[in-house]
1. Report the residue count in the range 289-313 for those that are more than 10 Å from the ligand (Cβ to nearest atom) and closer than 30 Å to residue 390 by Cβ.
2. Condition first: touching a helix residue (DSSP H, G or I) at 6+ places or on another chain (Cβ under 8 Å) and more than 22 Å from residue 284 (Cβ to Cβ). Can you find one or more residues in the range 327-339 that meet it?
3. Condition first: assigned to a helix (DSSP H, G or I) and near the ligand (Cβ under 10 Å from one of its atoms). Now tell me which residues in the range 263-287 satisfy that.
4. Sort out which residues of the range 184-199 are within 12 Å of the ligand (Cβ to nearest atom) and under 17 Å from the mean Cα position of the chain (by Cα), and write them in order of number.
5. For residue 321, only one of the following conditions fails: (1) more than 21 Å from residue 208 (Cα to Cα); (2) more than 13 Å from the ligand (Cβ to nearest atom); (3) within 20 Å of the chain's Cα centre (by Cα). What is its number?
6. So, residue 233, is that one near the ligand (Cβ under 8 Å from one of its atoms) and touching a helix residue (DSSP H, G or I) at 6+ places or on another chain (Cβ under 7 Å) or not?
7. Only residues that are surrounded by fewer than 21 Cβ atoms within 10 Å (Cβ to Cβ) and part of a loop (DSSP other than H, G, I, E, B): list them for the range 13-30, please.
8. Would the range 200-212 turn up any residue that is over 23 Å from residue 102 (Cβ atoms), within 14 Å of the ligand (Cβ to nearest atom) and modelled with pLDDT of 95 or more?
Ligand code: SAH
């Protein structure tokens, strides 16, 4: 067993059960990509069994802090079982569920989503790459799903020195060698939604917004919103939610043509008139500016942009980008209207995001009632020991009426 010895004092985070060790904290030792190593402090005391990653800044990711544990097939079977068991206990009313959420489930670098009978997985670290077959077997055995599709095509793999890999990782043999279609239908909040595990973003769909889409449908109905603008709509989950909430004129904006085609298909698949929905293949920022020029307004707006800040180092530029779209959205929002605004940047904390949105409101001359703070669904858990895992934050805001807004401007 190879040993990684940390610099003096660098053991502190692991003693608190944080799973990462950065390159600069390693005093000596090395291993092959994904090899299991013993991590110890400067005095030689055991800290963790971990996966070594020679080309990543995150040099070591812990599998276990228990010296008696063996990192073998049974270990991965136990981890997968525990993660799946938790999801069962959460009682999620959907057949689209995140089963493994990386560090939170003790499996750093592994993401697995279940879409009906298909598992869609990302192996994002050298350690998960090395144990891929063992993990795949554990996933199939635990869930009973026959199909496992690999979507290891995230840019994060470059940092680990790993190439992009996609395709069926597990598929039952068929007489003629045919393969299951990569399209899957899931139900969520009572809606039917389709996705393609081969073509979609990430593993195919954004399950983390499930509860927020459900909440949006309720709020749209409660507040009587009729005109709705869904920005960064992807395949239109929030648009279907708006229609369920009684909206009559919903616009989805996204820069992905295939995602928008699916959004339009979702409207009719769920029994709504195609004429109630407009799909705009365009940049959101430019579209918001154009709508302001045209004097358009909306009763409800969703802003769910991609990650503007991949890390804290990008926080400044990302803050300006968030502020800009929120300012524009406030200007397009009718008094009494609803704004759901999100950030999925780990580098932007909840408090900072609140400040950014408040600043955007100030610039737009708008105040609002903060109805709810929003987060990812429970199948994307955060743990006490790994606060970095918390990435999605959002605010549900009701714009104050114009007379109150004028008071701010003066
Ligand atoms: N709200 C969606 C998920 C959004 S993911 C849901 O509920 O499923 C972010 C989306 O932003 C992606 O679909 C991506 O295609 C889109 N996107 C990224 N940059 C964009 C831009 N500048 N203008 C419009 N859409 C953009």
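1. 8
2. Yes: the range 327-339 contains one or more residues that are touching a helix residue (DSSP H, G or I) at 6+ places or on another chain (Cβ under 8 Å) and more than 22 Å from residue 284 (Cβ to Cβ).
3. Applying the first criterion (assigned to a helix (DSSP H, G or I)) to the range 263-287 yields 263-269, 274-276, 284-287.
Matches in the range 263-287: 263, 284, 285, 286, 287.
4. Passing the criteria: 188, 195.
5. (2)
6. Numbers: near the ligand (Cβ under 8 Å from one of its atoms): yes; touching a helix residue (DSSP H, G or I) at 6+ places or on another chain (Cβ under 7 Å): yes.
So residue 233 passes the test.
7. Residues of the range 13-30 that are surrounded by fewer than 21 Cβ atoms within 10 Å (Cβ to Cβ), as a first pass: 13, 15-18, 20, 22-30.
Scanning the range 13-30 gives 16, 17, 18, 29, 30.
8. Within the range 200-212 (the criterion being over 23 Å from residue 102 (Cβ atoms), within 14 Å of the ligand (Cβ to nearest atom) and modelled with pLDDT of 95 or more), the answer is no, since none of the residues qualifies.
The values are calculated or read from the model by the stated rules, or taken from the named source; none is laboratory data. In this text the structure is predicted, and so the values were computed from the model without any measurement. Note that we place each Cβ from the backbone using ideal geometry, even for glycine, and neighbour counts take in every protein chain shown.
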